[in-house]
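Below is one structure, written out as C-alpha cells; comments come after it.
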Amino acid sequence: MTYFGNRQNQTSVSDEELEPIFASIADSFNLKWLKTAGANPLQLVWNRRDALSTNELFNFGDALQRVKAIDAKWVKDQIKHIKSDHPNNRNGALFEINAVGLLATSEYSVEPAKGNNPGFDAILKLDNKKTMRISLKNYGDSVHFQTFNANCKKVEEKLKDVMKAKGIQAVNVLIEAVKGSTERSHWSDLLLHLPKVFDGYQQGEKKVFAIMDFWAVIITPLADDYQECHSVFNSYTLIIVEGHNKNESKNLLDKLDQAAANLVKHSKVESEDVINIVFVHLPESASIIECKEWAETYFSNFPEKPITGVILYQPVIATDPDRDINFIHHSVQFVFVDEKFSKWNHEGKDFTFTLPVGIANSSPSENTIIVENDGEQEKYPYKNKYFFQRGNLYLEGKKDAEGNITGNIKRIASGVFAHSVFQPFPNEPAFMISGRFAPVDKLLIL
C-alpha cells in the first residue's frame, strides 16, 4: 500500500522519499482514522491533496519520525491528545511533537521531559552535558481573530446572495472597519446594509464608495486579467480588514508573562551547566516583533529571574509575488541573556532547527494588498490588522478557430481562485472545472 498517493509534490524530495514519512503518520495514527471526514486538523490536512497539505505533512511526519526514535512512549501519549476533541490539548500536543522534532539536530540531543514536570516539557543537552530545560507554549488564534473570521464568512455568504439577487456578475469588494475593532452590532449592521450598498449599482462602474457609520465599502469592477467571467456564475473577490482588538497584544503578552512565571516557579535554579528557556509558538495574527520587545523588556526588568532565553516561533504561509510562489515561512526570533547563555554555551554551538521544507529567517511576513494599476503593482501593507480574503472567478472557456476550448485554472491569491467554465453548446448547461488548491493559505498542524 502507498500512503503518499496522488498528492501534489512541489518539494525538492521525490515521491518515493516522502512515502516512508507518510507511512509513519499512517502507522502512528491509524489510516482509517486519518481518512475519516472529521474536524480534526490532522484529518483535514491528510484528506487534502494540494501542495500545501503535502508540505505540512512532510514537516510534521519528519518531526514525528525523529521524536519516535527518541521516545516512542511519549509520542504515543501525545497521539492520544491529538486525536481527542479538546482543542487546546490537541494543538498543544501537535506543537510539542513539532517542537521537539525541530530541535533534534546533530549538534545536540533533545528529549521530552520524563514524568509530569509542570515547569518544563523538554530537555536539550550538549555533548559536554550542559542542559537546557525548555518550556513549550503553544498560542493559537485569539478569540478576537476567530470571531472576526466567523463574521467574515457570514458576510461572504451575504455578498453571494446579494449578487445573485441583483444580477451582479463580477466585482471586487473591499470592506474596512474605519473606527477600530468591532462589536457584534457592527457586523449586524453590515449584513443589514450590504444589499443597500449595491442598490443602483451598474455592472462595470469604476468605483462605489459607501460608509455605514462604522464601515467603508469600496466596490470596483473585476479586472479581466485572465478571461471574461461567465454570465451564469457570480464572480467576486472579497477583502475585509479590521484593526486588532485593543486587548490583542496585551492578552498575548500577559500569556508570555504567565509562561515565564510558571517556569520560574517550577525551575528555580540555573547555573553555568543548567539553564531555562521558554519556546513559544505564535499565531499568524500576532506581532513577533512586539513579542521580541516584550522578551527584551522582561530580561531588562528581571535580570535575577532564572530564565536565560525566549524562542519565538511563528510559521505562516507567505507569498513571493515576484516569483508567484507561496511557501511555509518559519519566522524565528531568539532572545537570550547573552552573558548567561555564552557561559552555558562556551563552546559556541550553533542553535539551529531541523526544517525539511520552507524558508526560515527572523523577518516576519506582512499582510499586503497588491493592486494592479495600468500594468504597475501598488502595495498597501496592513499592519496590526485582521485580514480576510476570499474570491472565486468563473472564467469562460475560449474557443479557437478550430473549435478547441481552453480554460484557465489558477490560484490567484490566498483563498482566491480562478475556475474554468465550459459551455460547448449554447442550449446546454455550463460545467465548471476547478484546480486542486488549499482552500486558504493557513497552517493547520504546524
Open item on the list: Suppose each label sits 7 Å from its Cα in the direction of the beta carbon; what would the Phe334-Asp189 distance come out to in nanometres?
Closed with: 5.0 nm
TODO: Among Ser300, Ser434, Ser362, determine the one that fluctuates most according to a GNM of the chain built with springs between C-alpha atoms less than 10 Å apart.
DONE: Ser300
- [ ] For Lys76, list the aspartates and glutamates whose Cα falls under 19 Å from its own Cα; do not include residues on the same chain fewer than 8 positions away.
- [x] Asp27, Asp62, Asp85, Glu96, Glu111, Asp121
Task: Between 0 and 90°, nearest 10: helix 72-82 axis offset from the chain longest Cα axis - done: 40 degrees
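Between their Cα atoms, which of Lys80/Lys160; Lys114/Lys385; Lys114/Lys246; Lys265/Lys340; Lys80/Lys265 are more than 30 Å away from each other?
Table pairs above 30 Å Cα-Cα are Lys80/Lys160; Lys114/Lys385; Lys114/Lys246.
Let me check against my output: what whole-number percent is the relative contact order of the stretch 221-335, with C-alpha pairs under 8 Å and at least 6 apart?
Relative contact order comes out at 22 percent.
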Open item on the list: Let me check I've understood the local charge: for Lys340, count other residues with C-beta under 14 angstrom from its C-beta, Lys and Arg +1, Asp and Glu -1. What total comes out?
Closed with: -2
Open item on the list: Rounding to the nearest 10 and keeping the result within 0 to 90°, find how far the Cα-based axis of helix 184-197 lies from the longest principal axis of the chain.
Closed with: 20 degrees
Task: Unsatisfied cross-links (Cα-Cα over 30 Å) in the set Lys83/Lys153; Lys137/Lys158; Lys35/Lys442; Lys137/Lys268 - done: Lys137/Lys158
Task: Crossing angle, helix 87-103 versus the chain [Cα axis fit, 0-90 degrees, rounded to tens] - done: 60 degrees
- [ ] Can you figure out the FRET efficiency of Ala216 with Asp320, using R₀ = 25 Å and their beta-carbon distance, to the nearest 0.05?
- [x] 0.25
Open item on the list: I want to verify a result. In a Gaussian network model of the chain, Cα cutoff 10 Å, which of these has the top mean-square fluctuation: Gly348, Gly167, Gly397?
Closed with: Gly348
Task: Antiparallel DSSP beta bridges within the chain, as percent of all bridges there, nearest 5 - done: 65 percent
Open item on the list: Can you list residues from other chains, or at least 5 along the same chain, whose modelled amide H is less than 5 Å from the amide H of Ile412?
Closed with: Phe417, Ala418
Task: Selection of trypsin sites (Lys or Arg not before Pro), the stretch 217-318, meeting DSSP coil and at most 13 other Cβ within 10 Å - done: Lys246, Lys268
Open item on the list: For His86, His244, His281, which order do you get if you count the other beta carbons within 10 Å of each Cβ and list the fewest first?
Closed with: His86, His244, His281
Open item on the list: Defining a contact as two alpha carbons under 8 Å apart and six or more residues distant in sequence, what relative contact order in percent does the chain show?
Closed with: 16 percent
Task: nm² value of the averaged projected area, convex hull over the Cα atoms of the chain - done: 25.5 nm²
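Where a number appears in this text, it was derived from the coordinates with a stated rule and is not lab data. For clarity, every value in this text was computed on a predicted model and none was experimentally measured. Cβ: placed from backbone, ideal geometry, glycine included. Neighbour counts: every protein chain shown.
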